[in-house]
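Data block below; observations after.
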Amino acid sequence: MNHFARAFALFAAAGALLAGPAHGQAAAGPGSSDFPAKPVRMVVTFPPGGSADAVVRMLVPKLNDRLGQPVVVDNRPGAGGNVGLTVVAKAPGDGYTLGVGAAGALSANSSLYPSMPFDPLKDFKPVGMLAAIPFVIVGHPSVPAKTLKELIALAKAKPGTLSIGHGGNGTAMHLSTALFSQMADVKLVEVPYRGSAPAALDAIAGQIPLAVVDLPASLQQIKAGKLIAYAVTSPERLPMLPDVPTVAEAALPGYDSTGWFGVVAPADTPAPIVARLNAEIVAALKDEQVQAAMRNLGVEPAPGTPKAFDSYIRAETKKWAKVIKTANIKLD
């Protein structure tokens, strides 16, 4: 297992508690022995074709076999994930309706939106994280700065003149950009796009000098020399870009910003059912073919326990609330 995978196998302080048999296996108890007795609906808060949707569809055949019932994908995108997770929050807590939510809806949206249709910390029971999504700070080759320290110095010398694109207001890429600006104490002109790919394309074309994008949108262009890769936002270097430093080691110790998504159930779902679902999801994520396919997408498998996922969501909620308040980011 590479360093990046280890970092997310042990996400949050609760990682030290991952190995207990009560979390690694399906627990016996009321509601678990005959579960599932009918198809399980997986509400995905993203449109078809994206990374999260692709990962879920990779897992479905494995889960079908392990659960003995079909898992049906129900795509419900909108409002940064709030639309789909509202469906899950209102569903019966019987294990037959699950949600796949990301960092936005499960941690940041409560600070971004003036009102929420659910409470991410009270209305769901975390089942387990699925994947972590690292980002890369990239630049057009014409940018005179060739390292992250040089880029920060350039931004300080010309405050408010350098533009940086990201995947859209309220996205993890947006928050990664805000955290970078705050920790580096620089003023950049943020340019929101509808996703990572358009931001990367404009950086490649020189329409914007800088961007924070994901690997699928940038990896081949970095290798071809069409983009400068200044640093990755994850806590560890990436196997796909072993020579690119992390933001923390390149210039800003303590910087850590990674996109992620995982599975949640309605809050009143019985613990034995959550344990069963977690055990089967973890087994599917540890399948070598699934792991290889996920990494080809630029995402890192992140199997773990419900308790660890709960701790991680709470830590992320607190972290991003501070960043959002400092940056005065608001969404309607």
Relative contact order [Cα under 8 Å, 6+ residues apart], segment 135-250, whole percent: 36
Distant-in-sequence amide H partners of Gly304 (H built 1.01 Å from N, under 5 Å): Met129
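Take every DSSP beta bridge whose two residues both sit in the chain, then give the antiparallel share in percent to the nearest 5.
Antiparallel: roughly 60 percent of the beta bridges in the chain.
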Selected from Ala248, Gly160, Thr147, residue furthest toward positive end of dipole (segment 135-250; charges at beta carbon): Gly160
Long-range HN-HN contacts of Val44 with modeled amide H, under 5 Å: Asp74, Asn75, Arg76, Val100
Theoretical ellipticity at 222 nm over the chain - DSSP helices of four or more residues, -39500 (n - 2.57) apiece, nearest 500: -11500 deg cm²/dmol
Whole-Å distance, taken between Cα centres, linking segment 132-155 and segment 256-270: 31
Rel. contact order, % - alpha carbon contacts under 8 angstrom, at least six apart, the chain: 30
Cα-Cα over 19 Å, subset of Lys187/Lys319; Lys156/Lys318; Lys125/Lys307; Lys122/Lys330: Lys187/Lys319; Lys156/Lys318; Lys122/Lys330
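Read-outs throughout are calculated quantities, based only on the coordinates presented, and are distinct from any laboratory measurement. The structure presented is a predicted model; accordingly, all values stated were derived computationally and were not measured. Virtual Cβ from ideal backbone geometry, glycine too; neighbours counted across all protein chains shown.
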